[in-house]
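Colleague: Sharing a structure below in structure tokens format, with a few things to ask.
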Amino acid sequence: MHHARQWNDGADHTVAGGLLTASGRVVLGLNTHHFLGGPCGEVAAVSNHASTAPDDPIVAVAASYGPIGEIIAPCGKCRQVIFDISPSIRFVVREANGLTARTAEELLPFAYDWRAAEHPQRIYMWEGYESTIRAGEKRQTIRIDDPFRLGRADLVFEKECGEVISIAATVTEVRSVARSELTDEDANRDGFDTLSDLSAALDLHYPGLQASSTVEVVAFMLTDQ
């Protein structure tokens, strides 16, 4: 806050950003207003960190508005910039009971995460299907507005007891068809005896699904058994 008050000019430089590193070092920066936007105080501090202490990880970030010397919340751009560095970095923000620290992930729960491409896609399954999947009886899943791609996947079961189980798999085929085009073979690959049984399950999971509705048929094979 002192840095923001000291260098605030009421126009082009009004917000200071401060970074706390793992070693306890504080790295400061100051925004530069421009009609194109200009760098925020936090981004300026990140640049200073890169040139002075790149091997000392950032653990926390704070921004202060110079004219009043108060802590302010980061803008969306700064949240994304810090999230890209590490989702676990904490921002100092003001809440109802005073100042607190929230991670970049908490402040940006649906952020674009470039790391996601390095991890298997997650396919959430009803816990009742776990045994048939492990037994090789269910080898596909049918989804609505839930696209997947060929390649590595984790089949995730979030159980009512709170336990979360993940099974490694590979998506081998993805095709789009109308519900009315599903066949007995689809039912068997989905772990059902008949197409009627599959239809009943679809009605349970997707109430109101029409015969003409497009569904995604996602075939997979387990890779950890």
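Each row is one residue, and each column tells you yes or no for (1) in contact with a Ser or Thr (Cβ under 8 Å, 6 or more places away or on another chain); (2) modelled with pLDDT of 95 or more; (3) in the same structural domain as A168 (by TED's automatic domain parsing).
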position: T32; (1), (2), (3): no, no, no
position: V46; (1), (2), (3): no, yes, no
position: T52; (1), (2), (3): no, yes, no
position: A60; (1), (2), (3): no, yes, no
position: K77; (1), (2), (3): no, no, no
position: S88; (1), (2), (3): yes, yes, no
position: L108; (1), (2), (3): no, no, no
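Colleague: I'm told K159 meets every condition in (1) modelled with pLDDT of 95 or more; (2) closer than 30 Å to P87 by Cα; (3) touching a helix residue (DSSP H, G or I) at 6+ places or on another chain (Cβ under 7 Å) except one. Can you identify the failing condition by its number?
Modeller: It fails just one condition, (1).
Colleague: Separate question: Mind checking which residues of the range 39-74 are part of a loop (DSSP other than H, G, I, E, B) and in contact (Cβ under 8 Å) with a residue 12 or more places away in the chain? Before you say what the answer is, go through the steps one by one.
Modeller: Kept after step one, since they are part of a loop (DSSP other than H, G, I, E, B), are these residues of the range 39-74: 39-40, 53-57, 66-69, 73-74.
If the condition is that a residue be part of a loop (DSSP other than H, G, I, E, B) and in contact (Cβ under 8 Å) with a residue 12 or more places away in the chain, then C40, A53, D56, P57, G66, P67, G69, A73, P74 are the ones that fit.
Colleague: If you don't mind, there's one more thing I want to ask. Residues of the range 1-16 being within 13 Å of I72 (Cβ to Cβ) and either among the polar types (S, T, N, Q) or modelled with pLDDT of 95 or more (or both), which ones?
Modeller: Across the range 1-16, the qualifying residues are N8, T14.
Colleague: Related question: If you go through the range 72-106 one residue at a time, how many are of a type outside the set (F, W, Y) and within 16 Å of V46 (Cβ to Cβ)?
Modeller: Selection size over the range 72-106: 18.
Colleague: Give me the pairs: first residue in the range 177-190 and within 13 Å of V218 (Cα to Cα), second residue among the small types (G, A, S) and part of a helix (DSSP H, G or I), beta-carbon distance under 9 Å, and six or more apart or on different chains, which are they?
Modeller: Between residues of the range 177-190 that are within 13 Å of V218 (Cα to Cα) and residues that are among the small types (G, A, S) and part of a helix (DSSP H, G or I), the close pairs are L182/S199; A187/S196; A187/S199; D190/A201.
Colleague: Can you name the residue in the range 89-123 that is surrounded by fewer than 13 Cβ atoms within 10 Å (Cβ to Cβ) and among the hydroxyl-bearing types (S, T, Y) and is also farthest from R189 (Cα to Cα) among such residues?
Modeller: Looking at residues that are surrounded by fewer than 13 Cβ atoms within 10 Å (Cβ to Cβ) and among the hydroxyl-bearing types (S, T, Y), I get T100.
Colleague: Restricting attention to the range 194-212, report how many residues are surrounded by 14 or more Cβ atoms within 10 Å (Cβ to Cβ) and in contact with a Phe, Trp or Tyr (Cβ under 8 Å, 6 or more places away or on another chain).
Modeller: 2
Colleague: Condition check: surrounded by fewer than 17 Cβ atoms within 10 Å (Cβ to Cβ), closer than 18 Å to A101 by Cα, among the charged types (D, E, K, R) and assigned by TED's automatic domain parsing to the domain that holds I82. Does E42 satisfy that?
Modeller: In short, no.
Colleague: Do we find a residue being touching a residue at least 60 places away in the same chain (Cβ under 8 Å) and over 30 Å from Q210 (Cβ atoms) anywhere in the range 91-111?
Modeller: No, the conditions are met nowhere in the range 91-111.
Colleague: Of everything in the range 164-211 that's among the hydroxyl-bearing types (S, T, Y) and part of a strand (DSSP E or B), which residue is farthest from M125 (Cα to Cα)? Show your work before the answer.
Modeller: To start, the set of residues in the range 164-211 that are among the hydroxyl-bearing types (S, T, Y) comprises 166, 170, 172, 176, 180, 183, 194, 196, 199, 206.
Okay, now just the ones that are also part of a strand (DSSP E or B), so 166, 170, 172, 176.
Details: S166: 10, T170: 15, T172: 17, S176: 19 Å.
Per the criteria, the residue is S176.
Colleague: To continue, here is another question. Assess whether V81 counts as being within 21 Å of W114 (Cβ to Cβ) and either among the polar types (S, T, N, Q) or not in a loop (DSSP other than H, G, I, E, B) (or both). Please lay out each step first, then the result.
Modeller: Values: within 21 Å of W114 (Cβ to Cβ): yes; either among the polar types (S, T, N, Q) or not in a loop (DSSP other than H, G, I, E, B) (or both): yes.
In short, yes.
Colleague: Continuing with this model, one more query. Could you check V92 against (1) out of contact with any helix residue (DSSP H, G or I) (no Cβ under 9 Å at 6 or more places or on another chain); (2) in a helix (DSSP H, G or I); (3) modelled with pLDDT of 90 or more and say which number it fails?
Modeller: Only one criterion in (1) out of contact with any helix residue (DSSP H, G or I) (no Cβ under 9 Å at 6 or more places or on another chain); (2) in a helix (DSSP H, G or I); (3) modelled with pLDDT of 90 or more is unmet by V92, namely (2).
The values are calculated or read from the model by the stated rules, or taken from the named source; none is laboratory data. Because the structure is a prediction, the values reported are computed rather than measured. Note that each Cβ is placed from the backbone with ideal geometry, even for glycine, and that neighbours are counted across all protein chains shown.
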